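Novice: The structure is given below, and queries will be raised subsequently.
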Amino acid sequence: MELMEGLLTRRSVRKYQDKKIPREVIEEIIKAAQYSPTAHNRQPWEFLVVDDKEILAHLRHIQRWTSFAKDAACVIFVLGDIERSFNRTKDNESWSFIDVDCAIATENLLLAAHAKGLGACYCGAAPMQRVVDDLKDYLQLPEHIRPFAIVPLGYPAEEPKQPDDRYNPDKIHWGKY
Ligand SMILES: Cc1cc2nc3c(=O)[nH]c(=O)nc-3n(C[C@H](O)[C@H](O)[C@H](O)COP(=O)(O)O)c2cc1C
């Protein structure tokens, strides 16, 4: 699939066939995520792949907009390593690029899944603190690992409608706002 075509045709897919995804395909998708840009090239993400149906079905109790995850072939959790991320907490400054890095990796994941003929949907975790805490607890993640996104993945059982042209020249400011 040509890159520009992929960028314009990727859609959130929330219905999946009952079919396993080969491990090599999942690895390739994660590889694409690991090629994303990160602040100071810290590559602070990790990926947790889960196909246990009980866990997938439980996710909606933690993040209510993930009810369809129960039918996914697997879920990839995009996780951020707080200690590895480019961050600062000194001299009256407090910031971290961890969520930005994880968001970019998540988008690469979605695009790679699309290129491989799979369907996926970005489901938010961070920065919803209650969801972050509950996921951390439920998945038994170490203290320094921040769950960022929940990405159900599977062979598509729906073809979502492509949006009307999203291109909006009014949102582009040339030279001066
Ligand atoms: C930060 C973020 C959080 C999202 N969380 C959810 C979610 O919890 N459940 C869901 O079904 N879709 C979720 N989505 C997907 C959006 O609903 C979807 O991207 C949007 O409607 C545009 O549709 P498209 O992805 O098909 O272009 C999320 C997307 C983003 C970027």
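Every number in this text was worked out from the coordinates using simple rules, so none of it is lab data. If you're wondering where the values come from, they're calculated on a predicted model, not measured in any experiment. Methodologically, a virtual Cβ is constructed for each residue, glycine included, from the backbone with ideal geometry; neighbour enumeration extends over all protein chains shown.
Novice: Filter segment 100-141 down to residues that are free of Cβ contacts under 8 Å to residues at least 60 places away in the same chain, more than 22 Å from Asp18 (Cβ to Cβ) and out of contact with any Lys or Arg (no Cβ under 9 Å at 6 or more places or on another chain) and give me whichever is nearest to the ligand (Cβ to nearest atom). Even if it seems obvious, please write down each step before you answer.
Specialist: Start the filter on segment 100-141 by keeping residues that are free of Cβ contacts under 8 Å to residues at least 60 places away in the same chain, which leaves 102-103, 117, 126-127, 129-130, 132-133, 136-137, 140.
If we keep only those that are more than 22 Å from Asp18 (Cβ to Cβ) too, we end up with 102-103, 126-127, 129-130, 132-133, 136-137, 140.
Narrowing further to those that are out of contact with any Lys or Arg (no Cβ under 9 Å at 6 or more places or on another chain): 103, 127, 129-130, 133, 137, 140.
Working: Ala103: 7, Pro127: 9, Gln129: 15, Arg130: 14, Asp133: 17, Asp137: 19, Gln140: 22 Å.
Once the filter is applied, the top-ranked residue is Ala103.
Novice: Still on this structure, I have one more. Those residues that are within 14 Å of the ligand (Cβ to nearest atom) and surrounded by 10 or more Cβ atoms within 10 Å (Cβ to Cβ), I need them from segment 155-177; list them, please.
Specialist: Pro156, Glu158, Glu159, Pro160, Gln162
Novice: If you don't mind, there's one more thing I want to ask. I need the full set of residues from segment 111-144 which are within 20 Å of Asn87 (Cα to Cα), assigned to a loop (DSSP other than H, G, I, E, B) and in contact with a helix residue (DSSP H, G or I) (Cβ under 7 Å, 6 or more places away or on another chain), in order please.
Specialist: Ala126, the sole residue that qualifies.
Novice: Considering segment 63-99 alone, what residues qualify as being away from the ligand (no atom under 15 Å from the Cβ), in contact (Cβ under 8 Å) with a residue 12 or more places away in the chain and aromatic (Phe, Trp, Tyr)? Even if it seems obvious, please write down each step before you answer.
Specialist: First, pick out the residues of segment 63-99 that are away from the ligand (no atom under 15 Å from the Cβ): 73-74, 79, 81-97.
Next cut, in contact (Cβ under 8 Å) with a residue 12 or more places away in the chain only: 73-74, 79, 81-86, 96-97.
Within segment 63-99, Phe86, Phe97 qualify.
Novice: From the list Arg60, Arg14, exactly one residue is within 23 Å of Pro160 (Cα to Cα), within 13 Å of the ligand (Cβ to nearest atom), assigned to a loop (DSSP other than H, G, I, E, B) and not hydrophobic (A, V, I, L, M, F, W, C). Which is it? Quick ask: steps written out before the conclusion?
Specialist: Values: Arg60 fails: assigned to a loop (DSSP other than H, G, I, E, B).
Being within 23 Å of Pro160 (Cα to Cα), within 13 Å of the ligand (Cβ to nearest atom), assigned to a loop (DSSP other than H, G, I, E, B) and not hydrophobic (A, V, I, L, M, F, W, C) holds for just one of Arg60, Arg14, which is Arg14.
Novice: Pick out the one residue from Ile21, Ile26 that is touching a residue at least 40 places away in the same chain (Cβ under 8 Å), under 22 Å from Asp81 (Cβ atoms) and not polar (S, T, N, Q).
Specialist: Values: Ile21 fails: under 22 Å from Asp81 (Cβ atoms).
So the residue among Ile21, Ile26 that is touching a residue at least 40 places away in the same chain (Cβ under 8 Å), under 22 Å from Asp81 (Cβ atoms) and not polar (S, T, N, Q) is Ile26.
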